[in-house]
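Right, one structure below, let's go through it.
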Amino acid sequence: ASLGQTAAVPANHIRITFVGHASFMIESAVGVKALTDYNGYLPLTAIPDIVTMNNSHESYYTDFIADGIKHVLRGWDPKDGVARHNLFIEDMRVRNVPTNLSDITGRMANGNSMFVFESADLCVVHISHLHHVLSKQQLGELGRIDIAFAPIDCFMTMSHSELFRGLAQIRPKLIIPMHYGWFGAVEEFIEKAKALYPIRTHDSDTIFFSKAKLPRRTGV
């Protein structure tokens, strides 16, 4: 399976395709496409309707937007405010939860957002470049989460122990690893994760999900 495939997404399903690094294409049953962490250098064979960029690091964003992309959602406010998005297109909703909340000053640093994608009664969160466990307010804003894209680098984002604490807070049914491009990160993550969750592999870069097919207990 590849990003350019034309097979329709069945009713009550979404299709998720790994594009690279922290980028996934999420496609709804009516064909709405959203791409996480659009950065301009990962190759695209389909133009998304929506792109998200969780923070302003060069690996996660670009100011050069390909023709045909209608909605560009940035996880930060360039004017130093708080980014807020709540976009509805056809059978998909995309919203954000700002992170990097400072409990010391009570101010939102707002350098990053988690984006939540809702379609087919599924809620998918891109945990993004998170650096801390979540507040009660942030967890409330997230709501019920079925699938979580989780950074497993253990270096640039969070340690694995912090990541597992965050995942225990979010309580997704399925964890999909990403952001793994450091030596040994995958092996170390799997070794630690298998003590907590069942782990399985998938044989392509694309997979269909539906509410009915989610595992009963959290898996990777």
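Summary table
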quantity	calculated
Lysines with Cα under 19 Å of Lys192, excluding same-chain neighbours fewer than 8 positions away	Lys173
Value at 222 nm in deg cm²/dmol, rounded to 500, when DSSP H runs of n ≥ 4 in the chain each add -39,500 (n - 2.57)	-3500 deg cm²/dmol
Ser210 versus Val186: modelled label distance in nm, points set 7 Å from Cα along the beta carbon direction	3.0
Eligible aspartates and glutamates near Lys213 by straight Cα distance, threshold 19 Å, same-chain separation 8 or greater	Glu27, Glu118, Asp121, Asp146, Asp203, Asp205
Inter-probe distance in nm under a simple model that places probes 7 Å from Cα toward Cβ, at Leu42 and Ala8	2.8
For the chain, Kirkwood radius (reciprocal of mean inverse C-alpha pair distance, Å)	17.6
Sulfur and carbon atoms: percent of accessible area, the chain [1.4 Å]	54
Efficiency of FRET between Gln137 and Phe88 - r from beta-carbon atoms, R0 30 angstrom, step 0.05	0.85
Surface per residue (accessible, 1.4 Å probe) for the chain, Å²	49
Amide H within-cut-off set for Ile175, under 5 Å, with H built and near neighbours excluded	Ala148, Gly219, Val220
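The values are calculated or read from the model by the stated rules, or taken from the named source; none is laboratory data. As the structure is a computational prediction, the values presented were derived from the model and not from experiment. Positions of Cβ are backbone-derived with ideal geometry, glycine not excepted, and every protein chain shown enters the neighbour counts. Please note that ligands, DNA and RNA were not included when accessible areas were found on the heavy atoms of the full protein model with its side chains. Shrake-Rupley method; radii C 1.70, N 1.55, O 1.52, S 1.80 Å.
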